[in-house]
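Undergrad: One structure is given below, represented as structure tokens, and several questions about it will come after.
The values are calculated or read from the model by the stated rules, or taken from the named source; none is laboratory data. Remember, predicted model here, so these are calculated numbers, not experimental data. Please note that ligands, DNA and RNA were not included when accessible areas were found on the heavy atoms of the full protein model with its side chains. Shrake-Rupley method; radii C 1.70, N 1.55, O 1.52, S 1.80 Å.
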Amino acid sequence: MPQIIVIVSTITSSLRNFKFLGSINSGGVFVMSFKPSQVLEVSLSQDPSKRIDKALCDAVPEKYSLSRSRIKRLIEIGCVVSSDNGLVATSKTKTVPLSNWDITLSSIETINMEPENIPIQIVYEDNHLIVINKSVGMVVHPAPGSPNGTLVNALMYHFGSELSAIGGKKRPGIVHRIDKDTSGLLVIAKSDVAHAGLAAQFEAHTVSRHYTAFCYGIISILNPRLKSLHEASFESSNLLRISGNIARHRFNRKKMAIYSNIGRSAVTRAKTEVFYGKIASKLDCWLETGRTHQIRAHLAHIGHGLIGDPVYGNRRKLKTKNLNEVEETFLGNFKRQALHARTLSFEHPVTKQLVSFTSDLPEDLQQLEKILKKID
């Protein structure tokens, strides 16, 4: 049976990182690898070598003593990931001047993880790709604290060897990700040509992704605080552009933060669809870039964090005087960010036709919307 190598998650602390790797063993069981490891953040030069392994070898500080062969091996097992767009490097990856990369220096220990018969909602499927409507609470990749029950587990069970193969080694066809407690649409690659074509579109930021978000307060062009933020500007009376750079928070490594002089450029646009008095808003958000926690971090930075967000929320309490006991309980127990990946549009990498998909709000966000209307 051929070997599968897959990067499934990275969680960073102040000094250490946990990286999972894996392969299918002779018994058909998915074998995971897990050990604390360090992550190096590397930027390529203005004029890098055309080979990604050589370019990274030139860019890594001498104190780490990383040989070209060692970097090549790390690329082969999926330990080199673009910080700019989340794509996993292969030996054929083209180098881009001044691009940023995370290199995980990982050792290998094995644990077993079997494919799991987890229901997934398939919106579309053909011979090359699958579009899935991910449910709330499902992690895309296994991670510390979530070693099973993930989308990767489910994909391994339902599709197995049908998933895309990259560089001769098979990986579950994850092309992009959304957070555990963000619901909505994801595209999965089945064929090599689809994976390569989709990855190129995500890298070029030509994939259209719109999110429905429920945030605290109202985003208004008349708000003096927004006028004072250089990261925020209005392109029309109700269309806000947020352009702050995003990097890992200096003190809380599970969070991202907005900076002016470090981090990767990020642009979010947010258009207000509904005002709920002065207490909350329903937004249509879309991404010009795709950074970790981008919408959540950008909205929190301008003072309009997502309702229920456990990481970026500011613990605001919504008025409940018009609500019954059941509605008050629901609102008090709403502990996930009110964010849903509603639409996904891209050029089909094989047919070259524009395809678009839409996902209705899940039940919990429909209930939240009803309560916000009632409070208003």
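Undergrad: Expressed as a whole percentage, what fraction of the accessible surface of the range 195-325 belongs to carbon and sulfur atoms when a 1.4 Å probe is rolled over the protein heavy atoms?
TA: 49 percent
Undergrad: Using a 1.4 angstrom probe, figure out how much accessible area the range 219-287 has per residue, in square angstrom, rounded to the nearest whole. Numbers along the way, then the final one.
TA: Working: 3620 Å² over 69 residues.
Accessible surface, normalised per residue, equals 52 Å².
Undergrad: State whether the range 194-281 is rounded, prolate or oblate according to the following rule on the C-alpha gyration tensor (a ≥ b ≥ c being the square roots of its eigenvalues): a/c under 1.5 gives rounded; otherwise a/b larger than b/c gives prolate, and the remaining case gives oblate.
TA: oblate
Undergrad: Right, here's the next one. What length, rounded to one decimal in nm, is gained on full extension from Arg316 through to Arg225, with 0.36 nm per residue of separation minus their alpha-carbon distance? Don't jump to the answer; show the numbers that get you there.
TA: Working: separation 91, 0.36 × 91 = 32.76 nm, distance 1.80 nm.
The Arg316-Arg225 span can extend by a further 31.0 nm.
Undergrad: I've got another one for you. Mind scanning Lys94/Lys271; Lys134/Lys374; Lys72/Lys180; Lys92/Lys190; Lys271/Lys370; Lys227/Lys321 and naming the pairs with a C-alpha gap bigger than 25 Å?
TA: The pairs that break the limit, which is 25 Å between Cα atoms, are Lys94/Lys271; Lys134/Lys374; Lys72/Lys180; Lys227/Lys321.
Undergrad: What's the extension gain from Val350 to Phe251 if we count 0.36 nm per residue and subtract their Cα-Cα distance?
TA: Fully extending the segment from Val350 to Phe251 adds 31.2 nm.
Undergrad: Additional query: Output needed: percent of Cα pairs per 10 Å distance bin for the range 280-376, bins running from 0 to the one holding the longest distance.
TA: Pairs per bin, as whole percents: 13, 40, 29, 13, 5, 1.
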